[in-house]
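J.: Can you read through this structure? Questions will come right after.
The values are calculated or read from the model by the stated rules, or taken from the named source; none is laboratory data. As the structure is a prediction and not an experimental result, all values here were calculated from the model. Virtual Cβ from ideal backbone geometry, glycine too; neighbours counted across all protein chains shown.
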C-alpha cells in the first residue's frame, strides 16, 4: 500500500508545528558570507561529502568552538544533504551544514569573543613559566635555514618576532586563527622559496590539482614524471585510479605564523596559570608542534622549499582511499586501501620521490637528506600502517 506524498507532507508540517522548540530557528537564512561557531566536531574536507580527503594535514575534524566563515552552500541551509563551503585558517573546504544544532551563527556586529586576556602582546611578558631572552642564532636543517630548535629556543624566537592578540583568539587547535602575526620574522634564506619563484601547477591526465596551487621546480617536475608513470601503468589503468593533489607549496611566513601561534598561546596560558593542572595538560603540547602536531620548527621545511606535495589516491568514482593516516584505526581501512597506498608509493618512487614514513600522503622530490623517509617497497614492508604522527 502506498501513501500519497501530499499526505506525508501534511503530516510532516503538522508535526513540525507541535514539535518542541529545542533548536533555535533563524527568522531567515543568513546572507553569505557569514561566520559560525561550531557546536559539534565537523570534518573539514576538500569536496562536499563525508568520504572525501581532509583539508588540513593531521587535522581531520574542526573542534568546537572553532569559528569559520561560510562562503556558500550546496543546497538549502540546515537541510539533509547540504554542505557548506567555508574558510578556516586561510584554507577553504566543506563541512556539513545539514542541521542547525551543529553550529551557531555569530553576530559580527558584536565584539569578537575574548578567550584569554584582552590585548596584544608584541613581546611576551615575563612570568612564572617564561622569562624573555635573546632569540637563538639560526642554524641548519635538512632543507635549509633553521631559526630555532627546541621548545625554549622557539619560544624566544616567536616572542621576539611575533605578536599574540588574545582578543582575536578563537580556538586553540592547529593553524593560525588570526591571533598571531609575525611582522619581523625572517622569510628569506636557504629552503625558504619566495612565492614568485614557484610555478602555478595544473591538472594533468591522471593528477587532479586544485585551483591556484603552486609548487617549486622539484615538486612540479616530480608530478609530471608521476603522471607519465601512471599513464604507462597497466595496474593503474585497470584499477581506474588517479591522484589528487591536496597542497604543495606553502609560503614561509604562513608556516611561521601557524607554528608561533601555537607556541605563543601555550606560553601565554602557562605563564598566566602556572599552577592549574588542567591548563598544563591542555596547553603544554602547544610548545612542541613537531612532536605533538606533526609540524616543524620555524625555518625551512619541504613545503616551503618547494619539494613536497600532499597526495591521495582516488578510486574510479573519484573518492579518496585515505588521508594523512591509513590502515587500522583510521576512518577507512581495507586491503584495497593498502594496495592503493602501495601503488602510489611505487609510482612516486619510480618518479624519483619518497614518502614521509608516518604519513600516507606526504611525498617529496629533490635532494634533501631528511630522515624518516621511505621508498617502495620499504614503505609498506616497514611502515604499514602510517599513523599520521611522528610518535607512532
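J.: Being more than 13 Å from residue 385 (Cα to Cα) and buried (at least 24 other Cβ atoms within 10 Å of the Cβ) is the filter; apply it to segment 321-344 and report the residue that is modelled with the lowest pLDDT.
T.: By that ranking, first place goes to 321.
J.: Out of all the residues in segment 37-46, is one or more assigned to a loop (DSSP other than H, G, I, E, B), surrounded by 16 or more Cβ atoms within 10 Å (Cβ to Cβ) and not assigned by TED's automatic domain parsing to the domain that holds residue 309?
T.: Within segment 37-46, one or more residues are assigned to a loop (DSSP other than H, G, I, E, B), surrounded by 16 or more Cβ atoms within 10 Å (Cβ to Cβ) and not assigned by TED's automatic domain parsing to the domain that holds residue 309.
J.: What number of residues within segment 114-168 are at pLDDT below 80, within 15 Å of residue 181 (Cβ to Cβ) and assigned to a loop (DSSP other than H, G, I, E, B)?
T.: Here the count works out to 4.
J.: For residues in segment 83-109 being touching a strand residue (DSSP E or B) at 6+ places or on another chain (Cβ under 8 Å), in a loop (DSSP other than H, G, I, E, B) and more than 19 Å from residue 54 (Cβ to Cβ), which is modelled with the lowest pLDDT?
T.: Here the residue is 108.
J.: If residue 277 meets every condition in (1) surrounded by fewer than 16 Cβ atoms within 10 Å (Cβ to Cβ); (2) in contact (Cβ under 8 Å) with a residue 60 or more places away in the chain; (3) not assigned by TED's automatic domain parsing to the domain that holds residue 364 apart from one, which number is that one?
T.: Only one criterion is unmet by residue 277, namely (2).
J.: Here's a follow-up. Report, by residue number, each residue of segment 247-274 that is touching a strand residue (DSSP E or B) at 6+ places or on another chain (Cβ under 7 Å) and surrounded by fewer than 23 Cβ atoms within 10 Å (Cβ to Cβ).
T.: The one that is touching a strand residue (DSSP E or B) at 6+ places or on another chain (Cβ under 7 Å) and surrounded by fewer than 23 Cβ atoms within 10 Å (Cβ to Cβ): 247.
J.: Give, as residue ranges, the helices (runs of 4 or more DSSP H) completely inside segment 187-272 that count at least 2 residues that are touching a residue at least 12 places away in the same chain (Cβ under 8 Å) and more than 23 Å from residue 322 (Cβ to Cβ).
T.: Working: elements: 217-231, 234-239, 252-272.
Where helices (runs of 4 or more DSSP H) fall fully within segment 187-272 and carry at least 2 residues being touching a residue at least 12 places away in the same chain (Cβ under 8 Å) and more than 23 Å from residue 322 (Cβ to Cβ), they are 217-231, 252-272.
J.: Within segment 286-295, is there a residue that is closer than 30 Å to residue 227 by Cβ and at pLDDT 90 or above?
T.: There is no residue in segment 286-295 that is closer than 30 Å to residue 227 by Cβ and at pLDDT 90 or above.
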